[in-house]
Amino acid sequence: MKRKGLLAACAFAVFCVGAYPSVELNANWTFTREDPAGAKAPTLEEMSAILDFMGRELATTRTPPPVRADVPDFAYAHADFDAAAWKTVRVPHDFGVDESFSITNAFYDAYLRGIGVGWYRKRVRIEGDMLKVLKSGGKVFFESNGAMSFAMVWINGSFVGGWPYGYTPFRCDLTPHLKADGENLLAVRVHNLPDSSRWYTGAGLYRKCRLVAYPADHIIPGTLFIRTPEVTRDYATVKITYEMSKRGRQEKSFRVKNPRLWDIDDPYLYTVDVEGERVRYGIRMIGFYPDERGFQLNGRRVQLQGVCLHHDFGVLGAAYNHATMKRRLLLLKEAGVNAIRSSHNQSDPDLLDLCDELGLLFKNEHLDQWSMKKHGNDYHRLFDRWAERDLRAFMRCDRNHPCVILWSLGNEITESHRDLPLYTKNARFLNRIAHEEDTTRPTCCANDSQRGVDTNDYVRVTDVFGYNYQPSRYKWFRENHPEVPVFGSEVICLGSTRGEYFFPVQTNYLHSVKREANEKVTSYGFQATGYDLQGFWTPDCEWKFEDSEPSYMGGFTWSGIDYLGGPGNSMQRRKKPNYLDPKRQKKALEEVKQYGYCLSGPHGCTAGFIDTAGFKKDRFYLYQARWRPDLPMAHVLPHWNWTDAACEDGTIGRVGKKTPVFVYTSGDEVELFVNGKPQGRIKAKPFEYRFMFMDVVYEPGVVTAVAYKNGKEWARGTVKTTGPAAKI
């Protein structure tokens, strides 16, 4: 790829309507925790060795020598085992949310028991079109969009495969052991190890799975790739390559006249027939440039207004839910979001389908660890043997989505802090594989290290350079590496709790955050997440640097939506509690003395501008004001029910006390009124993104903000004191 401008004009495709008979395996699974009594659980290394025969065709660059381990003879995998006492569940299923929170569980698991062994069993019959395909020489596969983790699959007591990494889709050939004319017992074991992730992963068959019958000669999954080597306004040349299981590599091409380009405002998708498969694809052009052109979509500059997104759904756990995800994406679009970053793993394929349909760009991220650990049982223990297989499988699964614009090979990798030569070596290894799989999109990593990653050879390993939380380096980077595009791979980290406001209001950026006894953080929005680490930024700080550097192409805010698990040093806060409530602080210190840590802590990260229940926080409107400047809007905070509130001075009620009012608006001027009385009029200034009326004195009633734009009224926002409850 050329450094001066990374440009690709491409069509991308996903299967839309399958010609291959399939059955979704959703209902009537039986489930239990733990292995049979007396069974010896295989270790991580043994599970990796048991599964080592899977995906070896993907390991072509650095092929590890084969290893073997005996498959345990688990009674639960036998067809004649009586599982009548097991629980009936529906897949997708996350067994981590089957039990209540417990403070004795790990904080990075959100105090849920999402670790340990889980067993699933389901009886299936091969019928109809699937049976016809099987009897005519075809094969039947079990396919999973991902199982957390170290999935092992049996059919009728025979072990057929699985996959270690819980985010990678996989398939297992059931054919040699199937009963074509009878009932078959499908059994799946998962083992989610403790201390394996920095966030809540979920556990079990948390993504969809199915049976698929493939004819004797079929498209090998993952080999289909649709590209457009030439795109103009008049026509697009479409080139399709794929592998047939018997006929081998196939190619065909055609032209689309006057193509309707896939875009964030018009996500148009075509369909084409490939060997009987109806395949959906989009045509679009992308480019990444180190100068004022920034990121280009279909020949115009588009600023990346992105958010990072973890894969759990709050109280629903990590079991994938199409309706919930679509609702979330629509809320994010309402805020002005145009790009999603998968954090920090392969997403469910349905998320990418939705982004294709809704016109959301996608920064597709693969790993949170390489060969050096963050946690004792994380991916570093799989990297040498599985990294190539997982990366190729990841890219082949997702490279046909028009929404995908970037491949992120890793996030905040430990090597970048501890061993820069090893970081560079591993990055070259992964980058080479990525370019072998897809030359139409650039690569990047999310770099948070300040130990020289932007001053040595690493800068030129990936195609685009990503900074995490280092906006003060944007201008320096452009001046010192004028040939390398740069963006914010992760920006802004600001905690808040919807509807909670602390006084006095601090308008200076705070690293160290005092919390309410129930772990709440003020929604006025000038405090970091409370990680007590340097380097996290408020929107105001980040945007000032962004707006000062014309070549900056945007970035991905941490995060769009609150999520379960972490944050990283919650245990440090539990050992050194810092509560606002003196009674809670005293009790916390007593708990530390007795147990070594206090018996409370955050269940997740509150850095989103939407909470885990899908409700908008105040900061939703701060982003909307910036990202949708043509939308007339004005949002007023805080709420106006302070008559009986406990105050910071120990008194009750804020009547007569200063209660600052903030207004977030796409206008350029705001006038504020309390019960019709003017409180002042503020004009926007450079590098200021909020209208702050700091001297408002509370009195019950109505607060009205009138926003103006170019001297004319633009929008109004109000908050008012609620009356007594009328009905419950």
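The values are calculated or read from the model by the stated rules, or taken from the named source; none is laboratory data. Being a predicted model, the structure only gives us computed values, none of them experimental. Glycine gets a Cβ as well: all are built from the backbone with ideal geometry, and neighbour counts include every protein chain shown.
Restricting attention to segment 441-460, and to residues there that are part of a loop (DSSP other than H, G, I, E, B) and at pLDDT 95 or above, which single residue is nearest to Cys403 (Cα to Cα)?
Ranking the qualifying residues of segment 441-460, first place goes to Arg441.
Kindly indicate whether Leu224 is surrounded by fewer than 22 Cβ atoms within 10 Å (Cβ to Cβ) and either in contact with an Asp or Glu (Cβ under 9 Å, 6 or more places away or on another chain) or touching a residue at least 24 places away in the same chain (Cβ under 8 Å) (or both).
Judged against the criteria, Leu224 is not a match.
Do any residues in segment 663-689 that are under 17 Å from Arg628 (Cβ atoms) have Cβ atoms under 7 Å from those of residues that are among the acidic types (Asp, Glu), where the two are at least six apart or on different chains, and which pairs are they?
Note: pairs meeting the criteria are Ala684/Asp668; Ala684/Glu669; Tyr689/Asp540.
Any residue in segment 244-264 that is touching a Pro at 6+ places or on another chain (Cβ under 7 Å), within 30 Å of Gly55 (Cα to Cα) and surrounded by 13 or more Cβ atoms within 10 Å (Cβ to Cβ)?
No; the residues of segment 244-264 include none that is touching a Pro at 6+ places or on another chain (Cβ under 7 Å), within 30 Å of Gly55 (Cα to Cα) and surrounded by 13 or more Cβ atoms within 10 Å (Cβ to Cβ).
Being in contact with a helix residue (DSSP H, G or I) (Cβ under 9 Å, 6 or more places away or on another chain) and basic (Lys, Arg) is the filter; apply it to segment 396-427 and report the residue that is nearest to Tyr458 (Cα to Cα).
Looking at the filtered set, the residue picked out is Lys425.
If the Cβ limit is 8 Å and pairs must be 6+ apart or interchain, which residue in segment 243-262 that is at positive phi pairs with which residue that is modelled with pLDDT of 95 or more and hydroxyl-bearing (Ser, Thr, Tyr)?
Asn258/Tyr235
Mind checking which residues of segment 56-70 are modelled with pLDDT of 80 or more and among the hydroxyl-bearing types (Ser, Thr, Tyr)?
Within segment 56-70, Thr60 is the sole residue that qualifies.
Here is a list: Gly248, Gly202, Gly157, Gly162. Which entry is under 21 Å from Glu437 (Cβ atoms), small (Gly, Ala, Ser) and at pLDDT 95 or above?
Sole residue among the options that is under 21 Å from Glu437 (Cβ atoms), small (Gly, Ala, Ser) and at pLDDT 95 or above: Gly248.
For segment 698-728, enumerate the residues that are surrounded by fewer than 16 Cβ atoms within 10 Å (Cβ to Cβ), among the hydrophobic types (A, V, I, L, M, F, W, C) and in contact with a Ser or Thr (Cβ under 7 Å, 6 or more places away or on another chain).
Within segment 698-728, just Val702 meets the criteria.
Restricting attention to segment 163-207, report how many residues are surrounded by fewer than 22 Cβ atoms within 10 Å (Cβ to Cβ), within 30 Å of Ala607 (Cβ to Cβ) and in contact with a Phe, Trp or Tyr (Cβ under 7 Å, 6 or more places away or on another chain).
Residues that pass the stated criteria total 1.
May I ask you to list the residues in segment 559-587 that are buried (at least 21 other Cβ atoms within 10 Å of the Cβ) and in a helix (DSSP H, G or I)?
Ser570, Arg573, Arg574
May I ask you to list the residues in segment 312-323 that are exposed (fewer than 14 other Cβ atoms within 10 Å of the Cβ) and closer than 13 Å to Leu354 by Cβ?
Passing the criteria: only Ala323.
Does segment 130-159 hold any residues that are within 32 Å of the chain's Cα centre (by Cα), of a type in the set (Phe, Trp, Tyr) and outside any loop (DSSP other than H, G, I, E, B), and which are they?
Phe141, Phe142, Trp154
Would segment 624-638 turn up any residue that is of a type in the set (Phe, Trp, Tyr), crowded, with 21+ Cβ neighbours inside 10 Å and within 38 Å of the chain's Cα centre (by Cα)?
The answer is no; no qualifying residue exists.
Just to be sure, is Ile433 touching a helix residue (DSSP H, G or I) at 6+ places or on another chain (Cβ under 6 Å) and on the phi > 0 side of the Ramachandran plot?
Judged against the criteria, Ile433 is not a match.
Only one residue in Lys683, Lys677 is modelled with pLDDT of 95 or more and touching an Asp or Glu at 6+ places or on another chain (Cβ under 6 Å). Which one?
None of the other options fit; the residue is Lys683.
I need every pair where a residue in segment 31-58 that is at positive phi has its Cβ under 6 Å from the Cβ of a residue that is outside any loop (DSSP other than H, G, I, E, B) and at pLDDT 95 or above, sequence separation at least 6 or different chains.
Glu34/Val117; Gly55/Arg389
Report yes if some residue within segment 172-191 is in a helix (DSSP H, G or I), outside the structural domain of Val274 (by TED's automatic domain parsing) and of a type in the set (S, T, N, Q); otherwise report no.
yes
Going by the structure shown, is Ala151 surrounded by fewer than 23 Cβ atoms within 10 Å (Cβ to Cβ), among the small types (Gly, Ala, Ser) and at pLDDT 95 or above?
no
Can you tell which of Asp273, Asp312 is modelled with pLDDT under 95 and not small (Gly, Ala, Ser)?
Asp273
Determine, yes or no, whether Phe477 is within 23 Å of Leu58 (Cα to Cα), of a type outside the set (S, T, N, Q) and more than 23 Å from the chain's Cα centre (by Cα).
So Phe477 fails the test.
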